[in-house]
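Comments concern the structure below.
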Amino acid sequence: MKETINGEAKTKHAEEEERLSGRRHLVLDYWIELLVTASPCRLTASPTGRQEKKDGLLFRSMLYMAIAAVLATAYSDSHPHHGSIVNGCSNGTGHRRVQIISRRVVVPDPLPALTSSAPETIHLTPWDLRMLSLDYIQKGVLLPKPNHHHHHAAAPLVVIDHLASALARALTRFHPFAGRLVAIDERDGDGKIPTISVALRCTGEGAELVHAAAPGVTAADIAGALYIPRDVVASMFPLNGLASADAAVSEDGGSRRAPLLAAQVTELADAVFVAVSLNHAVGDGTTFWHFFNTWSDLSRQSSGGAHGDDEHHHHHPPLPVLERWFHDTCPVPVRLPFARLELAVRRCDRRTPLHECFFHFSAESVRKLKARANAEAHSSSDVTVVISSLQALLAHLWRAVCRARRLEPSQETAYVLLIGCRGRVKGVPAAGYVGNAVVPCKVWSTAGEVTAGLGTAARLLNRAVASLVDDQKAMVRSSVERWAREPRLAYNADMLTVAAVGTGSSPRFDVYGNDFGWGKPFAVRSGPGNKMDGKTSVFEGRGGGGAMALEVCLAPDTLERLAADGEFMDAVTVP
């Protein structure tokens with residue numbers, strides 16, 4: 001495959017020149033204008049004391065973000081692959097440019113009840129802390145454009161104000177997401193051993209909401225083909241290029257203070273793209289979609305977009321459980337053997353060329369894969385194994401990627417899965433738990449064994465997952481104890497070696513139920529965070545009923561061969 005997608009081509013030098021041109025002035029002008037025009041009269045009315053508190057929080061958070069934006073812009077100009085706290089004022093190329101219209105800080109409304117004058121501090125668990133090295137979780141949905149049948153009257157500013165109001169109410173339920181991460185000096189009495197802890201401080205400074213427009217981009221550009229236009233989709237997400245640790249700030253009030261959560265609403269020619277970026281240290285995929293579902297649910301309820309029996313039978317998200325789970329042998333807080341957090345995080349190389357495709361598998365196609373995998377597994381005398389639909393689909397992908405990479409039969413390959421602990425580990429609620437509650441499971445084999453048959457590959461995945469789940473209690477205890485003694489941050493590059501495939505997300509997440517009041521989504525896409533060769537995300541498929549979809553990120557030549565693989569593509573529903 002050539003280095004062009006949909007006819008777009010640009011040299012790296014030209015892209016760099018465009019990115020750097022005028023960036024500092026644009027960021028400075030924007031924040032000066034926002035700080036000058038910010039007015040208490042634009043805020044929701046409330047009793048005087050709470051209003052003054054909200055005014056102060058809003059202005060303070062704007063000031064923090066202004067300073068951080070300018071510093072991060074200068075920093076990213078000299079370190080272009082580290083990203084920045086704010087996106088540029090425009091992204092994309094030519095007629096497909098995404099233009100930022102406005103940014104605002106959204107604080108919880110109503111403000112949660114305060115138990116003391118000091119901000120609440122939530123200590124992070126080992127499951128949370130290991131994610132500090134990963135990028136923000138970034139997912140978004142493609143929605144129909146509001147029309148005159150809805151009370152929004154399709155006026156963009158009215159829609160944005162409505163979404164901002166619903167976001168403020170969602171932040172009331174998830175009020176820690178309006179706070180900030182803080183790195184606390186925990187060195188011992190003589191100061192010889194530098195250690196820190198990282199905590200979530202519930203300051204109420206707010207989340208960021210970005211309003212953008214891309215009138216030259218259509219829904220078909222985003223979801224109408226196998227290949228994903230990476231640059232265009234990336235520009236529809238906020239906080240690109242940030243590692244979760246970048247949001248932590250020293251207790252003495254350091255200036256690098258990014259929000260834990262940001263959302264971007266981008267108007268397209270015929271659709272609306274709603275994206276959220278969430279700091280990975282404060283939540284995993286389950287927490288991410290829990291928040292996203294809550295935001296859309298509150299928006300729909302207040303919009304009049306669902307009535308009568310439809311709303312009565314609609315499943316409302318559970319209330320969040322904000323208390324973190326710590327194993328009884330785990331110290332609180334967990335001390336990290338670092339003098340400064342930013343020096344401990346290894347930066348990934350974002351220059352590796354990658355392409356992405358989005359593959360849909362109908363419910364019927366998934367059923368056929370499952371039946372075939374079980375039949376092949378049982379024919380090898382293993383009649384007790386029961387291959388799940390997901391295991392069959394991932395085995396189908398694993399085999400095809402091994403072929404596309406042209407691996408020798410003896411070459412080692414691996415598949416990395418994430419196993420959820422909610423409801424499986426005592427003390428971690430099955431529903432509502434906010435935070436990270438997943439453990440990695442890495443399955444090793446050879447390319448020859450994986451490609452031998454669908455049942456063989458699926459059985460490898462099945463056995464690994466069953467073994468981990470059966471021994472999960474002991475495994476969790478030992479891993480938590482070991483991590484507290486010897487902290488190791490998670491890196492995609494360590495998990496996804498040259499011949500590995502890794503899958504995140506889950507087909508159980510409610511993606512297509514995110515109706516904000518004017519219609520359900522018809523597509524989902526991920527942002528640029530945590531992307532590398534071999535990374536895939538699995539989603540529920542359009543129409544439900546067992547349909548699934550895979551967002552696959554691979555080296556360009558490998559992905560071209562995968563998309564031309566007849567056996568793999570026979571199961572795919574082409575857009």
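The values are calculated or read from the model by the stated rules, or taken from the named source; none is laboratory data. In this text, all values refer to a predicted model and were calculated from it rather than measured experimentally. Glycine gets a Cβ as well: all are built from the backbone with ideal geometry, and neighbour counts include every protein chain shown. Calculation scope for accessible area: heavy atoms of the full protein, side chains included, ligands and nucleic acids excluded. Shrake-Rupley method; radii C 1.70, N 1.55, O 1.52, S 1.80 Å.
Listed values, structure above:
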| read-out | value |
| --- | --- |
| Quotient of C-alpha Rg and 2.2 N^0.38 Å, computed over the stretch 487-562 | 1.31 |
| Shape of the stretch 355-570, Cα gyration tensor, a/c cut at 1.5 | rounded |
| Per residue value of the accessible surface for the stretch 467-575 (all protein chains in place, 1.4 Å probe), Å² | 41 |
| Whole-angstrom Cα spans of the stretch 259-413 along principal axes, big to small | 57, 54, 45 |
| When each of LYS139/LYS535; LYS426/LYS473; LYS145/LYS520; LYS370/LYS426 is checked by Cα-Cα distance, pairs over 20 Å | LYS370/LYS426 |
| Share of carbon and sulfur in the accessible heavy-atom surface of the stretch 362-410 [1.4 Å probe, %] | 56 |
| Residues of the stretch 329-403: accessible area per residue with a 1.4 Å probe, Å² | 47 |
| Positive-pole candidate from GLN472, ALA490, VAL366, dipole of the stretch 355-570, charges at beta carbon | GLN472 |
| In Å, descending, principal axis extents of the Cα set of the stretch 157-218 | 60, 29, 14 |
